[in-house]
There are 2 protein chains.
Amino acid sequence: MADLELMRELQIASESKIVMLVIDGLGGLPMEPGGPTELEAARTPNLDHLAARGLCGLSVPIGPGITPGSGPAHLALFGYDPLKYEIGRGVLEALGIGFDLHDEDVAARGNFCTVDEKGLITDRRAGRIPTEKNVELVKLLRGIKLSGVHIFVETVKEYRFVLVLRGEGLEGGLTETDPQQLGVPPLPVEALVPEAERTAQLFNQWIAQARKILADQRPANMVNLRGLAKNPGLPSMEEVYGLRSAAIASYPMYRGVAKLLGMDVLDTGEALEEEVETLQAHFADYDFFFVHVKKTDSAGEDGDFERKVSIIEHVDELVPAILDLKPEVLIVTSDHSTPALLRLHSWHPVPTLLHSRYCRADQTDEFSERGCSRGALGRFPAVDLMPLAMANTLRLAKYGA
Amino acid sequence: MADLELMRELQIASESKIVMLVIDGLGGLPMEPGGPTELEAARTPNLDHLAARGLCGLSVPIGPGITPGSGPAHLALFGYDPLKYEIGRGVLEALGIGFDLHDEDVAARGNFCTVDEKGLITDRRAGRIPTEKNVELVKLLRGIKLSGVHIFVETVKEYRFVLVLRGEGLEGGLTETDPQQLGVPPLPVEALVPEAERTAQLFNQWIAQARKILADQRPANMVNLRGLAKNPGLPSMEEVYGLRSAAIASYPMYRGVAKLLGMDVLDTGEALEEEVETLQAHFADYDFFFVHVKKTDSAGEDGDFERKVSIIEHVDELVPAILDLKPEVLIVTSDHSTPALLRLHSWHPVPTLLHSRYCRADQTDEFSERGCSRGALGRFPAVDLMPLAMANTLRLAKYGA
């Protein structure tokens, strides 16, 4: 298991470059038993050639059988154990919509819900109201004022919003209001530590006002708050690894996670070609590049096997341009699987390759789920990738005499 | 993960023998991409035959990407988690030069350094002075007396020496003096626990006198002390596993680690044939034998691929003589990789095989990095080896009803 303390202790300076290409939701499943996965169906001569010269395996983002959300899955890729470094849902949602979260802020994920005349929950998602309705309701909720704090309410989508309280002396360590069952009322926010007492009261005051404002709305006549927390203040990639790090990602969520780890988030376009151009333009300026490809995941969530195949083939075409930059280490991996068959993130381990001069290539010559299952890395925790990248750029001193 | 408590609890008596043949620095890399490693280039019919009948895998000494020093790497082979059981550098250096460390001793690794007229460090290694100069300076430092303690100063090599304080009431839990940067003075030794207060003062008094004695020397006019600690008092192999254990190793470092774990360190010569003769002579007297081959590592550190190949071939020739003794378990492994390409210890996992009547042989028929990467043990933590050896000699009782 990776250990950030060990990385901090052993890291030494180097001029070498590490590129981590994250093809979101890359792992897949056959649509029919015995058939190919998306990656196996795709024609990927460049990735296959790289697999033949590299070290392959199947990475496990969180743990066996655990389907990761994007936040924890990316933390694991960057070597931060997601079971140890928890990020509140509120913080993740706020970062996900590009909200400029301050250190003093406490953020909560909000869900519109439906309650009956007794105040008991009848639908935890308020019939999945359309995003347009959410925007209207959020405007109403912005009318709430509380003394001593600034309040931000932001639409995410459908029944989801973000609530951020900003002010001095606010603290995390708070319970959630969602009882996660029907026929009972929302719970009050309670402080788990004495320092959070006032913050709990503020959230409860906000909820009481929201209840009044929404009383006549249908079906979204109430709210639940989940994951009420501050930015956990994770040690940065530079502190842990000594790596000047940059993120090339067009979606707010991934830019947010990168920011949380102190990466510089570079301006880039949505197209893969634009991301590669951004990489080329800044290649001299950083040690570590996180390059994120989103559309494979979206195609998987849409259940569109063929579209996912063709995006993978498009990524493959851009691999030579990345190799032309001669990064000392190139990792091709993903945060999790998103099989078109399931139309969801899944727990399946993720095809991964690491290429470097010192990687001790295995005999895998096909970048695929089957190929990677025969690789010398075996089935390994995703948090192992960063220590391997560090080692392969000769950035880690010997442990002990 | 091995757990010493579990071993203590489950161990049962047996007459079976375990031989662990440690070919130091065995793991390698191809000199050219696609070429063979040292082990793959070597002709090893006996080891290949053993691999065909045994269970193979790639062992990870400390963790992914972590390059181990010899001390921690050997602890792992003997089932002691090296991240949990830390041995101070002073103790390791003292053991490494064969110093007879007592339980009451506090040992420090000393480095000669250079300071300017203001006492600020200008070279942390004093220009890597030759060992002869070190011997001269150590003679001068032996003139230092402190009341109530015996002091030992011993040359290691170049700028490195060992300082041992012996006396009643000495304690570890001390900071190091090396600030690990230039332009600042050495730090004082500070006690991290109240019991170590007096020991800290003694070390600081010694340093003050050393400063005076070395003042007119160039370039080595000052010292730094690192890893000031006592022998950690690890539980012995006999306590943990119930194994009467013997070490057959000619180099002081490995004899030292074996002694730390309570093994009997047998007299032996440096030649492999002599080590095998020692094994034969004492085979009836012990349950566990650690047989250490040093020269593969030295060849790797010299960058001499061909010499490493020929030493591996020589080891292979002696395997039948070991098998003739009919040990119930024979493990062939290494503490770490030392690829001639890197001329250094490295992080790469280590080819390993375990042969016993009950090992459930896999389909690997070649003892090599590639062969072992296909083995049924997969990529596994080195600390798993001892529990497997214990199990394969039927020395572990069932866990739970």
### Task
For a label point 7 Å from the Cα of A:His102 along Cα→C-beta, name the residues of the range A:197-213 whose backbone N is under 11 Å from it.
none
### Message
Is the C-alpha gyration tensor of the range B:148-192 telling us rounded, prolate or oblate? Criteria: a/c under 1.5 is rounded; beyond that, a/b larger than b/c is prolate, otherwise oblate.
### Response
oblate
### Query
Which of the aspartates and glutamates could a cross-linker bridge to B:Lys294, judged by Cα under 12 Å and excluding same-chain residues fewer than eight apart?
B:Asp24, B:Glu270, B:Glu275, B:Asp335
### Message
Tell me the mean residue ellipticity at 222 nm calculated for the protein assembly as shown from its helices only (DSSP H runs of n ≥ 4, each -39500 (n - 2.57), averaged over every residue, nearest 500).
### Response
-9000 deg cm²/dmol
### Message
What does the structure give for A:356-363 when I average, per residue, the other chain Cβ atoms found within 10 Å of the residue Cβ?
### Response
5
### Average projection area in nm² (convex hull over Cα atoms of the range A:1-118, one quarter of hull surface)
14.2 nm²
### Query
Once amide H atoms are placed 1.01 Å from N in the peptide plane, what residues at a sequence separation of 5 or more from A:Val265, or on another chain, have their amide H within under 5 Å of its amide H?
A:Ala247
#### Entry: Amide hydrogen neighbours beyond the local backbone of A:Leu58, cut-off 5 Å, H modeled
A:Gly378, A:Arg379, A:Phe380
### Query
What nm value, rounded to one decimal, do you get for the distance between B:Asp264 and A:Ser298 when each label is placed 7 Å out toward the C-beta?
7.3 nm
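Rank the residues A:His345, B:His74, B:His282, B:His150 as a footprinting-exposure proxy: fewest other Cβ atoms within 10 Å of their Cβ go first.
Ordered by Cβ neighbours within 10 Å, fewest first: B:His150, B:His282, A:His345, B:His74.
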### Extreme residue, positive dipole direction of chain B, given options B:Val149, B:Asn46, B:Val240 (C-beta unit charges)
B:Val149
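Pop out the Kirkwood hydrodynamic radius of the range A:226-267 from its pairwise C-alpha distances, inverse of mean 1/r, in Å to one decimal.
About 11.0 Å for the range A:226-267.
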### Query
Between the range B:344-401 and the range B:56-87, what is the C-alpha centre distance in whole Å?
15 Å
### Query
Label B:Phe283 and B:Tyr358 with points 7 Å out from Cα along Cα→Cβ: what is the distance between them in nm?
2.2 nm
### J(HN,Hα) series, the range B:228-241, from Karplus relation 6.51 cos²θ - 1.76 cosθ + 1.60, nearest Hz, glycine and proline x
7, 7, 8, 4, x, x, 5, x, 6, 4, 5, 5, 6, 10
### Query
At A:Gln181, with labels set 7 Å past Cα in the Cβ direction, how many nm apart are the copies from this one, shortest first?
5.7
### Message
Show me, for the range B:160-177, the HN-Hα J-couplings you get by feeding each phi into the Karplus relation (A = 6.51, B = -1.76, C = 1.60, θ = phi - 60°), rounded to Hz, glycine and proline as x.
### Response
9, 9, 10, 10, 10, 9, 10, x, 6, x, 6, 9, x, x, 10, 7, 8, 8
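In percent, how large is the relative contact order of the range B:1-159, given Cα pairs closer than 8 Å and 6 or more residues apart?
The value is 12 percent.
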### Message
Take B:Gln201 and B:Phe152, extend 7 Å from each Cα along the Cα→Cβ direction, and tell me the distance between the two endpoints in nm.
### Response
2.5 nm
### Task
Quick one: grab Rg to one decimal and Dmax as a whole number for the protein assembly as shown, Cα atoms only, in Å.
30.4, 93
### Residue-by-residue Karplus 3J(HN,Hα) for the range A:79-92, coefficients 6.51, -1.76, 1.60, Hz, glycine and proline x
x, 9, 4, x, 7, 9, 9, 8, 10, x, 4, x, 4, 4
### Extension gain from A:Arg370 to A:Ala13, taking 0.36 nm per residue of separation minus the Cα-Cα distance
124.9 nm
### Query
Amide H to amide H, which residues 5 or more places from B:Glu171 or on other chains are under 5 Å from it, using H placed in the peptide plane?
B:Thr199
### Summary
Taking the label point 7 Å from Cα along the Cα-Cβ vector, the copy-to-copy distances for A:His314, listed from shortest in nm with one decimal, are 6.0
### Task
Grab the other residues whose beta carbon is less than 14 angstrom from that of A:Leu323, score K and R as +1, D and E as -1, and report the net.
-1
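Beyond 36 Å, how much of the Cα-Cα pair distribution for chain B remains, as a whole percent?
Working: 24396 of 80200 pairs.
So the portion of pairs separated by more than 36 Å is 30 percent.
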### Message
Here is the link list: B:Lys84/B:Lys139; A:Lys398/B:Lys145; A:Lys84/A:Lys326; A:Lys17/A:Lys230; A:Lys259/A:Lys326. Which ones come out longer than 30 Å on Cα distance?
### Response
B:Lys84/B:Lys139; A:Lys398/B:Lys145; A:Lys84/A:Lys326; A:Lys17/A:Lys230
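Might you report the magnitude of the Cβ-based charge dipole of the range B:272-401 about its Cα centre, with Lys and Arg at +1 and Asp and Glu at -1, to the nearest 20 debye?
In total the dipole reaches around 740 debye.
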### Task
Quick one: give the max-minus-min coordinate of the C-alpha atoms of the range A:91-229 along each principal axis, largest first, in Å.
36, 29, 24
### Task
Would you work out if the range B:1-66 is rounded, prolate or oblate? Take a ≥ b ≥ c from the square roots of the eigenvalues of the alpha-carbon gyration tensor; rounded if a/c is under 1.5, else prolate when a/b is larger than b/c, oblate otherwise.
oblate
### Summary
Using alpha-carbon positions, the gyration tensor of the range B:256-401 gives root eigenvalues a ≥ b ≥ c; with a/c under 1.5 called rounded, otherwise prolate if a/b exceeds b/c, else oblate, the class is oblate
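Read-outs throughout are calculated quantities, based only on the coordinates presented, and are distinct from any laboratory measurement. Just so it is clear, the structure is predicted and the values come from calculations on it, not from any experiment. So basically every Cβ, Gly included, is an ideal-geometry build from the backbone, and we count neighbours across all protein chains shown.
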